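Below you'll find the structure, written out as structure tokens, and then a few comments.
Just so you know, all these numbers are worked out from the coordinates, no wet-lab data involved. Being a predicted model, the structure only gives us computed values, none of them experimental. Every residue, glycine as well, gets a Cβ built from its backbone with ideal geometry; the counts of neighbours run over all protein chains shown.
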Amino acid sequence: MKRFALFITPLLLAGAAIAQAPAASAPRGETIANVATGPRIILVGDSTMAPRSGYGNTLCARLQQVACINLARGGRSSMSFRAEGLWATVMALLNEGTSKQKTLVLIQFGHNDQPGKPGRSTDLATEFGPNMAGYVKEVKAAGAEVILLTPLTRRTFKAGELPNDLRPWAEALIKVGAEQGVPVLDLNAISHAAVAAMGQPAADTLAEAPPRFDRTHLGPRGAALFSEQVLEGLLKLKPELAGAKTLAP
């Protein structure tokens, strides 16, 4: 907890400068913090949200008068994010100080919960949902708000069609949201529809450049597209954040 506090404090003090910088220029410490005069947003998730490989930093750069902290990490699942102690950092932020800042936590998992990933995979029926429900309950107990995001689509077409093998995890998250009484932003459905309409050649422009090219992680175009989709969905669920929206980075 102390190590994190030592890192994040300079970012918050320099918030005005960071808010004007593009997401790619964020320190390697893997967060972005904007001016902390309004509510705070904390991003929790996997590589499709994480700095450099996801849309999270670009989403933060689209917001002003909001302290936006990207704690998403590549390769993490709903199980390993907690097991590695990363969730403890989130809870430390939520419980710090005597007067708690109004905080919204966005949580997105699913990619690494799928089978075949040792140390990360979870059982869809018995583990994934309870893991996500646990996060929701702890955020609410800390006095913060939470929005669940269904997993971002993959972008590999087959015979001209775009499969959606992440849909069962999206449906599980929607169920958790209903059971726990929290909103769910169905990014899986929104992003899948957008990519399916593009076709493979256009979808490939959303990826990182070779040699890092793949059809899951994001380059600048992908980060711009999906961060805008998340922001639009976020504003529908939390219209009070409308004043925080800024121009596309």
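In terms of other Cβ atoms within 10 Å, Lys175, Lys238 run from fewest to most in the order Lys175, Lys238. Taking a label point 7 Å from the Cα of Lys158 along the Cα→Cβ vector, which residues of the stretch 58-84 have an amide N closer than 17 Å to it? Nothing falls inside the zone, counting backbone N under 17 Å.
Ordered by the number of other Cβ atoms lying within 10 Å of each residue's own Cβ, fewest first, Thr205, Thr126 fall into the sequence Thr126, Thr205.
Placing a pseudo-label 7 Å from each Cα along the Cα-to-Cβ vector at Ala197 and Arg221 gives an inter-label distance of 1.6 nm.
Pairs exceeding 21 Å between alpha-carbon atoms, taken from Lys140/Lys175; Lys117/Lys137; Lys102/Lys137; Lys117/Lys175; Lys102/Lys140: Lys117/Lys137; Lys117/Lys175. By the count of neighbouring beta-carbon atoms within 10 Å, fewest first, Tyr55, Tyr135 end up ordered Tyr135, Tyr55.
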